[in-house]
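See structure below.
The values are calculated or read from the model by the stated rules, or taken from the named source; none is laboratory data. If you're wondering where the values come from, they're calculated on a predicted model, not measured in any experiment. Glycine also receives a Cβ, built like all others from the backbone with ideal geometry; neighbour counts cover every protein chain displayed. Surface accessibility is based on the protein's heavy atoms, side chains included, excluding ligands, DNA and RNA. Shrake-Rupley method; radii C 1.70, N 1.55, O 1.52, S 1.80 Å.
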Amino acid sequence: MNICLFCSYSGDNNIKNYVKFWLESLLKFNDKVILITNERHLDTNSINFLNKIGVELIMTENKGWDFGLWYEGLKSIDIDKCSSLSLINDSTILFGDLDDFYKKSESYDYFGMTDSYELTYHIQSYMMVIRNKAVKDLYEYFMKNGKTPTNNNHYTPNIKKVTTKEMKNIHTHGEMVFNTDVNDYYYNPMKEVM
């Protein structure tokens, strides 16, 4: 089963249109999409939208940023039935389809949109697909180390670098769409279209 955990933070009582577009687009490639968001009152239109398209909803305390929300989502799934796990957050706006991204991801144990050398080398966490044995390894890592600490500033960078390091150590088939130059902190994909 292909599962996507999509995390989103908002202070509003509705689901933004760009998030709705993400969720609808992800359903094409995933058997189950779970929206994980901070605790708040969601309006009737948002709840009806999620029910109509079949997206599950988890509302939780906002601790640990995207990794903390994914940790809560991972606790809700049967990992033994999961062959592909997409971890995506709402920090980007999707323009177009995901066909090429998901097609390329099929050849790798872990796949992301971009990498980064900020702090230390890692695949950026806003959009990753983990497949095959790497799903269970990442799940076990989260269950062992993913308890959301109270200090968000130290949590996300540490789990990012350790997760990428662990994935590289265990699985040799990792890749991303856009590679960052070692002299840059992060990659700007707009360089490709300008």
With charges set only on the Cβ (+1 for Lys and Arg, -1 for Asp and Glu), what does the dipole of region 30-118 come to about its Cα centre, in debye to the nearest 20? 240 debye
With charges set only on the Cβ (+1 for Lys and Arg, -1 for Asp and Glu), what does the dipole of region 45-97 come to about its Cα centre, in debye to the nearest 20? 80 debye
Of the accessible area of region 1-76, computed with a 1.4 Å probe and all protein chains kept, carbon and sulfur make up a percent value of 45 percent
